[in-house]
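Written below as structure tokens is the structure these notes are about.
The values are calculated or read from the model by the stated rules, or taken from the named source; none is laboratory data. Nothing here was measured: the structure is a model prediction, and the numbers come from that model. When we count neighbours, we look across all protein chains shown, and the Cβ atoms used for this are built from the backbone with ideal geometry, even at glycine. What goes into the accessible areas is simple: the full protein's heavy atoms, side chains included, and nothing from ligands, DNA or RNA. Shrake-Rupley method; radii C 1.70, N 1.55, O 1.52, S 1.80 Å.
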Amino acid sequence: AQSVAQPEDQVNVAEGNPLTVKCTYSVSGNPYLFWYVQYPNRGLQFLLKYITGDNLVKGSYGFEAEFNKSQTSFHLKKPSALVSDSALYFCAVRGRSYNTDKLIFGTGTRLQVFP
Amino acid sequence: NAGVTQTPKFRILKIGQSMTLQCTQDMNHNYMYWYRQDPGMGLKLIYYSVGAGITDKGEVPNGYNVSRSTTEDFPLRLELAAPSQTSVYFCASTARSGRDEQYFGPGTRLTVT
């Protein structure tokens, strides 16, 4: 069965410092991997995705993520955090062996960036 | 494009009442989804549709029904509201299976008392 784990409920970081939000997954075969961000009282917004090719994926707002097949991870990173990055972040996975388009979401990690 | 729109934004229901959550997308997407978001639980898939006239159950379909008569609309029906259905509901759509990202609506906050 597909699953996604986000081991940290909350990540705190000072503005200007690098940030990492962790995600590990379990699927049969090669995965499609996604990161979404949710600001208060809003729907989820797409940040970036890994489909194939280069393991380092760049996305919106300066975020990037690295696909690591051996560690089954897809951690979200940003070199320099902004206060405005404070939000709820979701990792999601879909296995290619499935015939239906169902994403499995992690439980979310709240990022708090302090001035 | 307006993207994915949902109505209403907020609703309070009494136990046993019924209501329909509306979802419309103007991107001509074939795939549409309904999720519920509970605190600390992430998103759970309720129902999804791969095209007009085709729907299927997700992880948590009990207590809900859907229909998909057009490409644009994917309403979610609650027949007999229960307190366990208190949640935030999100509708989403995507163009192609698998590799494309989903576009989410702004959500409906539902309270059942």
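Laid out as a table, the results:
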{"read-out": "Residue within region B:52-59 that is within 15 Å of the chain's Cα centre (by Cα) and basic (Lys, Arg) present", "value": "yes"}
{"read-out": "Region B:1-21, residues that are open to solvent by 50 Å² or more (accessible area, probe 1.4 Å) and over 15 Å from B:Ala82 (Cα atoms)", "value": "B:Asn1, B:Ala2, B:Thr5, B:Thr7, B:Lys9, B:Phe10"}
{"read-out": "Filtered residue count, region A:65-81, keeping only those that are closer than 18 Å to A:Glu15 by Cα and open to solvent by 40 Å² or more (accessible area, probe 1.4 Å)", "value": "3"}
{"read-out": "Residue in region B:92-109 that is nearest to the chain's Cα centre (by Cα), counting only those that are more than 7 Å from every other protein chain (Cβ to nearest Cβ) and in a loop (DSSP other than H, G, I, E, B)", "value": "B:Ala95"}
{"read-out": "Qualifying position, being in contact with a Phe, Trp or Tyr (Cβ under 9 Å, 6 or more places away or on another chain) and surrounded by fewer than 16 Cβ atoms within 10 Å (Cβ to Cβ), among B:Gly51, B:Gly58", "value": "B:Gly51"}
{"read-out": "Residue among A:Gly108, A:Gly43 that is closer than 26 Å to B:Val88 by Cβ, free of Cβ contacts under 8 Å to residues at least 12 places away in the same chain and either touching a Cys at 6+ places or on another chain (Cβ under 7 Å) or surrounded by 17 or more Cβ atoms within 10 Å (Cβ to Cβ) (or both)", "value": "A:Gly43"}
